[in-house]
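Report on the structure given below.
The values are calculated or read from the model by the stated rules, or taken from the named source; none is laboratory data. Note that the structure is a prediction, hence the values are computed from the model and not measured. Note: ideal-geometry Cβ built from the backbone for every residue, glycine included; neighbour counts use all protein chains shown. Heavy atoms of the whole protein, side chains included, go into the accessibility calculation; ligands, DNA and RNA do not. Shrake-Rupley method; radii C 1.70, N 1.55, O 1.52, S 1.80 Å.
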Amino acid sequence: MGAQVAQALKPVRQMKLHACSFALHAHDLHRQMEVHHFLSRLNQDVVQCAVYDSDKPSARLIGVEYIVSDTIFEGLPPEEQKLWHSHAYEVKAGLWTAVGVPEALQSSEMASLAKTYGKFWCTWQVDRGDALPLGAPALMVSPQAAEPGRARGELVRSRDERYKVDTSAGGIKAARVEMDEPEWINPNADYWRQHGKGLAVDVVPAEMKRHAPFP
């Protein structure tokens, strides 16, 4: 209570939007989670998100996602680009939605998001039952139209029923069908679709460096 009176908590207060979607582990696309993003915009090209496993008061902070415009993404080195995923399908399929916001009010924001790329690190793998954030962070990717990257039907239905969201062909998907898409989606993104391989992080011993920049 003292902190609430004495501290401004300015970074946290910049979170202006709560969005719900789904995420897949880049090294195992069959491991899928419902995720809740709380977004703050740094500028027109960069958004940062605190990601939780729910929107309840007891929600666990499970990771962070950075979202950049296609302009920023195109300027990244190819090795960096492969860590990012596209958002066009996730948005146009209605999987990503601002919770409780009528579609007419979020359409402009969604149209902008459809042209972005995200890099999502999961630090707490609650889907495997971890009681604490254990091990190395896991890279996450967005659902896509191709198998095995489709969001599981039962996962989507559970979310839709809870928040009264309609992602059927006649619902959000229909409302977003005319939404502009990127002229192209960079093939270095969505790495698994192009290469049929996942990306995983391992922790290995390394020599300490005194002068050279890490790594």
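How far apart, in nm, are two points set 7 Å out from the Cα along the Cα-to-Cβ line at Leu61 and at Asp130?
With each label placed 7 Å out from Cα toward Cβ, I get 1.5 nm.
Pick from Glu74, Glu154, Glu90 the residue whose mean-square fluctuation is largest in a GNM of the chain, springs joining Cα atoms under 10 Å.
Highest fluctuation of the listed residues: Glu154.
I'd like the carbon and sulfur percentage of the solvent accessible area for the chain, probe radius 1.4 Å, heavy atoms only, ligands and nucleic acids excluded. All intermediate terms of the calculation are to be shown ahead of the outcome.
Working: 7020 of 12510 Å².
Taking all protein chains in place, the chain shows 56 percent carbon and sulfur surface.
Based on Cβ point charges of +1 for Lys and Arg and -1 for Asp and Glu, what charge dipole magnitude is obtained for the chain about its Cα centre, in debye rounded to the nearest 20?
Numbers: 24 positive and 27 negative charges, 116 e Å.
Using only the charged Cβ atoms, the result is roughly 560 debye.
Per-residue HN-Hα couplings for the stretch 154-170, Karplus 6.51 cos²θ - 1.76 cosθ + 1.60 at θ = phi - 60°, whole Hz, x for Gly and Pro?
Ordered by residue, 3J(HN,Hα) equals 5, 5, 5, 4, 4, 5, 4, 5, 5, 9, 6, 9, 10, 9, 6, 4, x Hz.
Calculated from DSSP H runs of 4 or more alone, at -39500 (n - 2.57) each and per residue, what is the 222 nm mean residue ellipticity of the chain, nearest 500? Before the final figure, lay out each step's value.
On the way: 9 runs with 54 residues, N = 215.
Result for the chain, helices only: -5500 deg cm²/dmol.
What is the spin-label model distance, in nm, from Val201 to Arg13 if the labels are put 7 Å beyond Cα along the C-beta direction?
Computed distance between label sites Val201 and Arg13 equals 3.1 nm.
When the convex hull of the Cα atoms of the chain is projected onto a plane and the area is averaged over all directions, what value comes out in nm²?
Values: hull surface 60.1 nm².
Hull-based average projected area comes out at 15.0 nm².
What do you reckon, how do Ile72, Ile62 stack up by accessible area (1.4 Å probe), largest on top? Don't jump to the answer; show the numbers that get you there.
On the way: Ile72 65, Ile62 0 Å².
Output order, biggest surface exposure first: Ile72, Ile62.
Please compute the Cα-Cα pair-distance distribution of the stretch 110-215 with 5 Å bins starting at 0, giving whole percents from short to long.
It works out to 2, 8, 12, 17, 18, 17, 12, 6, 4, 3, 2, 0, in whole percents.
With the crude spin-label approximation of a point 7 Å out along Cα→Cβ, what separation in nm comes out for Gln44 versus Asp28?
Distance between label points: 4.3 nm.
Could you report the chain's accessible area per residue, 1.4 Å probe, as an integer in Å²? Kindly include the intermediate steps, with their values, before the conclusion.
Numbers: 12510 Å² over 215 residues.
Per residue, the chain has 58 Å² of solvent-accessible surface.
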